[in-house]
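Participant: Submitted below is the structure of interest, expressed as structure tokens.
The values are calculated or read from the model by the stated rules, or taken from the named source; none is laboratory data. All figures in this text were calculated on a predicted structure; none of them were measured in a lab. Neighbour counts run over all protein chains shown; Cβ positions are idealised from the backbone, glycine included. Surface areas here come from the heavy atoms of the whole protein model, side chains and all, with no ligands, DNA or RNA. Shrake-Rupley method; radii C 1.70, N 1.55, O 1.52, S 1.80 Å.
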Amino acid sequence: MPFKRGHLRYFVTVAEEGQITRAARKLQIAQPALSQAMAQLESELGFELLERHSRGVTLTRAGEAFLAKARIALTTEDDAAQTAQWLARAARGAMEVGFVGPPPILTAPELFAAFEDSYPDADVSYRDLPFPSGATLSWLEQVDIAFCHVPAVDPSVDVRALRLEPRAMVAHKSHSLADRTELTVAEVLNETFLSYHPDVQPTWAGFHSLDAHRGGPPQAMTDDRAATTMQMGGILATPGAITTLPLCDAQIAGQVLPIVAIPLSDAHPAVLSLVWRRDNLNPLVHALVAFAANLAESQSAAAYLSGD
């Protein structure tokens, strides 16, 4: 039965939002156009998907059954489109590297410089990613590989740890602890922490808020919520809140924002890693991972020989 593929996405969004108005806003289309698209889809299918009422819409029994199939169809379509993008990049010798925080050419220059020296014809581009949200597999959809502190575990995602990075407390220069050269976790646990958007993975947000050290989230958090590095920087650029970051990220941020980066002597370190989808077929991804493995081994050997 032929119908417009875009109408499936419209229907799923309406079902999830429970209201035509909210769905139209999320889809960034006019409400009358969305209502017309839903009516057209029902006409093409030959049955009603939605029950309209003053508070919004609810699914009919047929609509509930169709929703499951529509989600599968959209997932399959999205996966096919994403695979096509990966294959197209691989065919032209390109790789897109995602990152959270400063670009990896600043925080892991030895890895990316060595890679680009060995693959001078590779077209490597970099994309600033929002903080991990939802499933890690979905978060990685727009890039071939990402460099960051490890996101939530996902069975369809591989991780290659590059190095452990100490953590630092980050706060405005006017903060009462700003003149310290080092801090312990106990000294900052009861401070007001930056709040993360509810879509951000809880383990990711909790790591930056020291939840594992406290046994739960902070009691005091900002009303403003961050979902991206830029939003986090904007909140921290005004007095009142702290967060923790990998020390290398914090020091770079301190060069452009009115903040201080103070090492936390006993905080669990950040695990800076390469993260990629197992189904990504781009050979440059696996070449970069191999470089990372060799670099990690050489750094471990150097640390052993120096007695660290």
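Participant: I want to confirm something. Restricting to segment 50-69 and keeping residues that are of a type in the set (Gly, Ala, Ser) and assigned to a helix (DSSP H, G or I), which single residue is surrounded by the fewest Cβ atoms within 10 Å (Cβ to Cβ)? Give the derivation first.
Facilitator: Step one: of segment 50-69, the residues of a type in the set (Gly, Ala, Ser) are 54, 56, 62-63, 65, 68.
Remaining after also requiring assigned to a helix (DSSP H, G or I): 62-63, 65, 68.
Numbers: Ala62: 15, Gly63: 21, Ala65: 13, Ala68: 9.
Once the filter is applied, the top-ranked residue is Ala68.
Participant: Let me ask something else about it. Inside segment 193-308, counting only helices (runs of 4 or more DSSP H) that do not spill past its ends, which hold 1 or more residues that are open to solvent by 20 Å² or more (accessible area, probe 1.4 Å), of a type in the set (D, E, K, R) and at pLDDT below 95? Spell out the reasoning first.
Facilitator: Working: elements: 202-208, 211-214, 229-236, 247-253, 283-306.
Hits in segment 193-308: 211-214, 283-306.
Participant: Inside segment 96-128, can you point out the residues that are of a type in the set (A, V, I, L, M, F, W, C), modelled with pLDDT under 95, under 17 Å from Pro246 (Cα atoms) and open to solvent by less than 40 Å² (accessible area, probe 1.4 Å)?
Facilitator: Within segment 96-128, Ala108 is the sole residue that qualifies.
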